[in-house]
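For reference, the structure is listed below as structure tokens.
Computed from the coordinates by the stated procedures, all read-outs in this text should not be read as laboratory data. These numbers come from a predicted model, not from an experiment. Here the Cβ positions follow ideal geometry from the backbone for every residue, glycine too, while neighbour counts run over all protein chains shown.
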Amino acid sequence: MRKDEFLHLHQLLAVTQRTLAARGVSDADTDTDTGTVSPVAAHASKADHERAVMTLAATLATVTADESDAAGNERDRARQAPK
């Protein structure tokens, strides 16, 4: 990927993380997860943005998988409940 593509993806993932945090799905702090580079830091190196993208993607995957598992467990319990 080109640097501008990593920058754009970094911005999109940061917005996604803030949205999930606002909905109460994620309590992760965006500053600590991405390290020292900001999603709008055009002067930062491509490698910095790539690391930040990988970190954010892994964090979001974990959070959404945990949320998905919890929702699946609730559905399973509802199906198994005696009527």
For the S68, A22 Cβ pair and Förster radius 22 Å, calculated FRET efficiency rounded to 0.05 is 0.75
Could you derive backbone 3J(HN,Hα) for the range 37-47 from the dihedral phi with the Karplus parameters 6.51, -1.76 and 1.60 (θ = phi - 60°), listing whole Hz in sequence and x where the residue is Gly or Pro?
8, 8, x, 9, 7, 5, 7, 5, 6, 4, 4
